[in-house]
Structure formats: C-alpha cells, structure tokens
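Below is one structure; the comments refer to it alone.
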Amino acid sequence: MIINQPAKGYFFAFLSVLATSNVYIFSKAALETTPVAVFGVYWFAMGLLWILLYSIKTRQLGEIKSQPKRNILILVVLGLLETGGTTFFFLAIQAIPNPAVVSFLSYFNPVFITILGTIILHDRYNFWEILGIGLIMTGAFVISYQGGTKIESMFIHGSHYMILSALFYGVSAIIAKKSIQKISPTLLATSRSLHLLVFSVLMVFLLKESWVISNYSFWNIFIGSILGPFLTTIAGYYAFKYLEVSRVSILGSTKGIFVLIGAYIYFGRFPLPMQLVGGLLAIIGVILISFGKLMLKKKST
C-alpha cells in the first residue's frame, strides 16, 4: 500500500506530539534530583546512541561524509540554536513545579515562528494570525502571573526561560524547514544531539558537577532519551518534510492536554484554575495562527 505524503506527515506529527508530551514528564522526574548539565550529558549521550543505531540500521550514516560545506554550516548554526533553545527549555522544566504549565508556556514557539517568518521569509499576517498571537500572549500572561507589581516577583520563576527557549526554537524551525529537503531528518537529529552533548560535557567541567546520578534519574533519562532526542526529533523533522509548518503546529497544539494528563498521573500535580484558563487560551491561539497560515496558502494557490 502506498501512503501519500500528507498522511506520512500527519503520522509523524502525531508521533512527535506523543513523544514530546512524555519528554516533559520524564525529564521533570530526572531533573528533580539531577543538575541540568549532568542530566544533559546522560540524556543526549543516550539519545545520540539511539540515533546512530537507527542510522546504521537504515544505512544513513554515510550521509555525514557526503555533505557539502554549505550543509555543514547549516548543521552548525542549527546545532547552536537548538543548544540555546533546549538548555532554556530544561531550565524551565527544572524551575517550574508542574510540567503541564511549562507545556502551556511552550505555545510561545508559534508566536516567534510567525513573527520571524514575517521578518525573514516575508510571510504575510492575516486577522486570524494576529488574533492567535494575541490569545497566546494573553494566555501566557495568565499562566505566569503571580500577582503584585514588581517585575522580579510578578511572574512564576522559570517563565522567562520559556520565552528565551521559544526565541531560539523559532529561528531554528524556520531554518530547518528551509533546509529539510537538502539535509535528512536523521542527520539533523544527529547534529542536534551531538551539539547538545558537547555543550553539556563542557558545562559539567566548568561547573564542577558530580557525574553520579541516582537509579531513579537514570531510568527516567533512559526512557526519556528514547522519546526526546531520538523519537521526537526525528519524527518532528519528518513531519516538516511532508507537511507545512502550520499543519504540524495544529497537531502540536494538543501537546498540553497530554502533558496535563501525564503530570497528574505521574506526579499527582494539577495546574491552578487560572493556569488552565491561560493554557486553553494559548491552545486556541496556536490553532488560530495555524488556521490563518492555511488560509493564506489557499489564497496564494
């Protein structure tokens, strides 16, 4: 049976959503007892191992040697951007008690993708995208706001990490989408994990952290590394290969629901009522941004 490209794209997008949702849970469990740098070494070393085994199995390992210099430069730039985005993401996971709240704040990503797409790719805005951005910004404020008027105590600790993470990821997503037909998803995933592993090792030495972790952290990292650096990354890049970013974003908007359920089952934690309202506003905002991009594409064809 021949599967068409959109069907493949939806399959990989949904697979990426499921894997990503569990990353929030298992990484949070590990980071409760493990420093971010040490966590990164184990997480990305294991993730890189799974990717290399997959590359050998699918005979894609030879692609690394045959890449032109331009592609190598793209891989380095993407690797640095992913290092920034992922580091801030895990700092947020560690700082914010409930991973469901982090998942709601991650809806900043499509905001930056839309804004940067306009600046870099000269994409156009429409009413639905502007409304979606407004809802996400409102939702993020509602989720993060703790009360008071002092900036340093107004928002929950760690929310600023997600804004920085979204900025890095926004630039990375645009470059990855433009390069996905030239560089395979497997090679992109390999480069990403390698950059993050090297960065984590350097940080462990600079911060003089202990390499020892608990059995509890190890098994959470073991499971999470299969879902995160390996499955989430490869499935996400394949989704970009077969689908428009807007359609991937629509499916990605359901991530918060899965994380919400997982956080309650695994930790017994549930967001505050206002955080749920903010999360719902952000989800609607992502859907509206994605819907607006689809409307623009239909008008241009």
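The values are calculated or read from the model by the stated rules, or taken from the named source; none is laboratory data. If you're wondering where the values come from, they're calculated on a predicted model, not measured in any experiment. Don't worry about glycine lacking a Cβ; one is built from the backbone with ideal geometry, like all the others, and counts go over all protein chains shown. The area values use the complete protein model at the heavy-atom level, side chains included, leaving out ligands, DNA and RNA. Shrake-Rupley method; radii C 1.70, N 1.55, O 1.52, S 1.80 Å.
Once both labels are positioned 7 Å from their Cα atoms along Cα-to-Cβ, the gap between Phe127 and Leu18 label points is 3.8 nm. Note on the chain: with neighbouring protein chains present and a 1.4 Å probe, carbon and sulfur make up 72 percent of its accessible heavy-atom surface.
Residue separation of Val198 and Tyr266 scaled by 0.36 nm, minus their Cα-Cα distance, works out to 21.4 nm of gained length.
The modelled label-to-label distance between Met274 and Lys57, using points 7 Å beyond Cα along the C-beta direction, is 4.7 nm.
Ligands, DNA and RNA aside, Lys177 has an accessible area near 70 Å² when probed at 1.4 Å.
Across segment 128-137, computed HN-Hα scalar couplings (Karplus, 6.51 cos²θ - 1.76 cosθ + 1.60, θ = phi - 60°) run 5, 5, 4, 5, x, 4, x, 5, 5, 5 Hz from first to last residue, x flagging Gly and Pro. The accessible area of Val23, taken with all protein chains in place and a 1.4 Å probe, comes to roughly 10 Å².
With the crude spin-label approximation of a point 7 Å out along Cα→Cβ, what separation in nm comes out for Thr138 versus Ala7? Roughly 4.0 nm, to one decimal.
Evaluated at 20 °C with a viscosity of 1.002 mPa s, what Stokes-Einstein diffusion coefficient in µm²/s does the chain have when Rh comes from the Kirkwood expression over alpha-carbon pairs? It comes out at roughly 109 µm²/s.
Counting only DSSP H runs of at least 4 residues, each contributing -39500 (n - 2.57), and dividing by the residue count of the chain, the helix-based mean residue ellipticity at 222 nm comes to -25500 deg cm²/dmol. For a paramagnetic label modelled on His157 (point 7 Å from Cα along Cα→Cβ), amide N atoms under 12 Å away belong, within segment 87-114, to 94-97. In the context of the full set of protein chains, residues of the chain present 49 Å² of accessible surface per residue (probe radius 1.4 Å, heavy atoms only).
Per-residue Karplus couplings for segment 224-229, computed as 6.51 cos²θ - 1.76 cosθ + 1.60 with θ equal to phi - 60°, are listed in order as x, 5, 6, 6, x, x Hz, Gly and Pro entered as x.
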